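Please treat every number below as a calculation from the coordinates, not as lab data. Remember, predicted model here, so these are calculated numbers, not experimental data. Every residue, glycine as well, gets a Cβ built from its backbone with ideal geometry; the counts of neighbours run over all protein chains shown.
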There are 4 protein chains.
Amino acid sequence: MAAPVPVMEMDALQQLLLGAFPVEVHGRLGRVVDLVPGRVRMRLDPGPESLRPGNLVSGPTQMGLVDVAAYAVVLAHIGPQPMAVTSSLTINFLRGATLAPVFADAALLKLGRRLATIDVRLWQHDAHTLVAQATAIYALPA
Amino acid sequence: MAAPVPVMEMDALQQLLLGAFPVEVHGRLGRVVDLVPGRVRMRLDPGPESLRPGNLVSGPTQMGLVDVAAYAVVLAHIGPQPMAVTSSLTINFLRGATLAPVFADAALLKLGRRLATIDVRLWQHDAHTLVAQATAIYALPA
Amino acid sequence: MAAPVPVMEMDALQQLLLGAFPVEVHGRLGRVVDLVPGRVRMRLDPGPESLRPGNLVSGPTQMGLVDVAAYAVVLAHIGPQPMAVTSSLTINFLRGATLAPVFADAALLKLGRRLATIDVRLWQHDAHTLVAQATAIYALPA
Amino acid sequence: MAAPVPVMEMDALQQLLLGAFPVEVHGRLGRVVDLVPGRVRMRLDPGPESLRPGNLVSGPTQMGLVDVAAYAVVLAHIGPQPMAVTSSLTINFLRGATLAPVFADAALLKLGRRLATIDVRLWQHDAHTLVAQATAIYALPA
């Protein structure tokens, strides 16, 4: 199977994300730093409000980044349909994340007519040493 | 099996949660409204910054509440050990949540020596009409 | 929300399950022992071929029972539509299961138009001491 | 991070799997067809007893293969410790699988001291067109 072809450019995708969420959470959205067929890479620079006990980046911060990256890779390939909604999300936390940039690599496992399934991997310094791995399922507008 | 007995009171538990997280996120933590053997109920009053397209309470807001409620029910039964960390979390979003209080009912499925497994159900107006169901696994400090 | 009302009787449901699967696996299907609104209980008597190292009932045996119980509670409430298919399944193994009857309590969390979400709990001697907890999502025929 | 180095050869691994499970299920175990640092590939030739309605390979058959492949990649890297047990497993079914060989590519996401997290992808004719994606967590003997 050839990877699906994006229908949006990186800048338009970033604008779509910013427009879709309230300005108060823009700092937690991260930004799109790469977009290729079937894949999006996002980068988040977590602030001190993202920390949990142990000075680690909190689980909800990571889950938020997973969710946005999955949303981004879906919209990049189906176009601006903000009503795509998360149907389920499973995340495995693998290592503590420190107060440094967190990258999210989101890859479409399947882009179906009704559902999209996305693999998302979070990492900090090295794309092979994962902070977390997640799978998200998005329900697509009919 | 008898349900495990809490070792903390509700007020002390709430103070522990507030102390564990940065003040910037206190508005997203919710508060403990009930504590019985094996179970904690939390309530979150989401603000406009919690919304996603469609004026629905965002997935990350719901995942944050799940994570805090799971953390709360674990600490309520093992005492103030803030270094308990989420190992994995699976959430199924069942219905859109509107801008109204969201309740989280967290129940210990198993409190082991190394891992705790928690069922969390989110609802808004009626405890039987679920907004989301989640399962979290916490790794416990040795 | 009132629990959904079953549209099949227990005997018809059992016959439907037996007819849907090859005779070679009938011994692994278990049988329906209770059916009430929103819920089905199944019982499996595992044989020695179900064991894994440590003389414990194997994970795949447990996952098979979860899948059948979820399928049974869905069909009990939508009628004989064998083409309902599992979309995703998450299982948490909580305690070793020994060579004794395993019960599966399957409860509909949501019966939607396109998806059904089901909570399944496995236990052996006491319904409160769980062997495993699982969540399954079934995609329903259009 | 360099991928972890296997400590077993392919033949010894296959013998270990056969020895660990009852002879009645050997036909459902599949066999190891590739082993490289951090990864194992298995192949299962499903029989008619593996079918579910629609003449598709059943979910439990696929989950069994996922579980064995995850077990195999763990043992390949920690050596013959049959008491490694599945702690949790999440599977997303992406496309129907027909009565043809099913391959399972299992990759270690993290091999920790107490837990191993494994990504498993099932496919039939083309490694890029997935039948299912799964994540398994194994608890390792102390």
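Sorted shortest first, the distances from the residue C:48 label point to those of the same residue in the other copies are 2.8, 6.6, 7.1 nm; each point sits 7 Å from Cα along Cα-to-Cβ.
Under a point-charge model restricted to the Cβ atoms of Lys and Arg (+1) and Asp and Glu (-1), what is the dipole moment magnitude of region D:10-139 relative to its Cα centre, in debye to the nearest 20?
Numbers: 11 positive and 9 negative charges, 67 e Å.
I would put it at about 320 debye.
For every other residue with a beta carbon closer than 15 angstrom to the beta carbon of residue D:21, add +1 if it is Lys or Arg and -1 if Asp or Glu, then tell me the sum. It would help to have the intermediate numbers written out before the result.
Numbers: positive: C:28, C:52, D:28, D:31; negative: C:49, D:24, D:67.
In short, +1.
Between amide H atoms placed 1.01 Å from N, distances below 5 Å from residue A:3 occur with no residue 5 or more places distant or on a separate chain.
Averaged over the residues of peptide D:91-99, the number of Cβ atoms from other protein chains lying within 10 Å of each residue's Cβ is 5.
For region D:135-142, backbone phi angles converted through the Karplus equation (6.51, -1.76, 1.60; θ = phi - 60°) give residue-by-residue couplings of 10, 10, 10, 10, 8, 9, x, 5 Hz, Gly and Pro being listed as x. Over chain C, the reciprocal of the mean inverse Cα-Cα separation, the Kirkwood hydrodynamic radius, stands at 15.0 Å. Please compute, over every Cα-Cα pair in region C:70-114, the percentage with a separation greater than 17 angstrom. Everything past 17 Å amounts to 45 percent. Computed from phi, the 3J(HN,Hα) profile of region A:65-77 under the Karplus parametrisation 6.51, -1.76, 1.60 (θ = phi - 60°) reads 5, 4, 5, 5, 5, 5, 4, 5, 5, 5, 4, 4, 10 Hz, with x in place of Gly and Pro.
Note that region A:54-61 has calculated 3J(HN,Hα) couplings of x, 6, 10, 5, 5, x, x, 4 Hz, one per residue in order, obtained from phi through the Karplus relation 6.51 cos²θ - 1.76 cosθ + 1.60 (θ = phi - 60°); glycine and proline are x.
Using the number of other C-beta atoms within 10 angstrom as an exposure proxy, rank D:125, D:77 with the fewest first.
Details: D:125 12, D:77 21.
Placing the least packed residue first, the sequence is D:125, D:77.
Shielding of peptide D:60-66 by partners, expressed as the average count of other chain Cβ atoms within 10 Å per residue Cβ, is 6. Shown for residue D:10: label points 7 Å from Cα along the beta-carbon vector, and their distances to the equivalent points in the other copies, 4.0, 5.2, 6.3 nm in ascending order.
At a Förster radius of 35 Å, what calculated FRET efficiency corresponds to the Cβ-Cβ distance of residue A:26 and residue C:127, to the nearest 0.05? Numbers along the way, then the final one.
Values: r = 48 Å, r/R0 = 1.36.
That pair, residue A:26 with residue C:127, gives E of 0.15.
The mean number of Cβ atoms from other chains found within 10 Å of a Cβ in peptide D:43-55 is 3, as a whole number.
With 10 angstrom as the radius, rank B:71, B:138 by how many other C-beta atoms surround their C-beta, starting from the fewest. Please report the intermediate quantities before stating the final value.
Values: B:71 29, B:138 24.
Listing B:71, B:138 from fewest to most nearby Cβ atoms yields B:138, B:71.
In nanometers and ordered shortest first, the copy-to-copy spacing of the residue C:80 label point, defined 7 Å from Cα toward Cβ, is 5.1, 5.1, 6.3. Among chain A residues, the one whose Cβ is nearest the axis of the rotation from A to D, given with its distance rounded to whole Å, is A:90, 2. The C-alpha atoms of chain C define a longest principal axis, and helix C:10-20 lies at about 80 degrees to it.
Backbone amide hydrogens, once placed in the peptide plane, bring residue C:97 within less than 5 Å of C:57, excluding anything fewer than 5 places away on its chain. Here the Gaussian network model covers chain B, with springs between Cα atoms less than 10 Å apart; of B:111, B:56, B:13, B:56 fluctuates the most. Since only D:33, D:64, D:86 are under comparison, the one whose Cα sits farthest along the positive direction of the charge dipole of chain D, derived from C-beta charges on Lys, Arg, Asp and Glu, is D:86.
Sorting C:8, D:83, D:42 on the 10 Å Cβ count, fewest up front, what's the list? Write down the numbers at each step before the final one.
Numbers: C:8 19, D:83 13, D:42 28.
Ranked by crowding around the Cβ, least crowded first: D:83, C:8, D:42.
Taking every alpha-carbon pair under 8 Å whose residues sit at least 6 apart, chain A reaches a relative contact order of 24 percent. Amide H to amide H distances under 5 Å link residue C:88 with C:137, D:93, where only residues 5 or more positions off or on other chains count and H is placed in the peptide plane.
Relative intensity of the protein assembly as shown on a log10 scale, I(q)/I(0) at q = 0.06 Å⁻¹, equals -0.27, per a Debye sum over C-alpha point scatterers of equal strength in the absence of solvent. For region C:65-121 and region A:54-72, write down the distance between their C-alpha centroids in whole Å. So the two Cα centres are separated by 30 Å.
Compute the distance in nm between two label points, each set 7 Å from the Cα along the Cα-to-Cβ direction, one at residue D:9 and one at residue B:15. Roughly 6.5 nm, to one decimal. Stretching residue D:142 away from residue D:43 to a fully extended chain increases their span by 32.6 nm, per 0.36 nm per residue minus the current alpha-carbon distance. Taking 7 Å steps out from each Cα toward its Cβ at residue A:36 and residue C:33 produces label points 5.4 nm apart.
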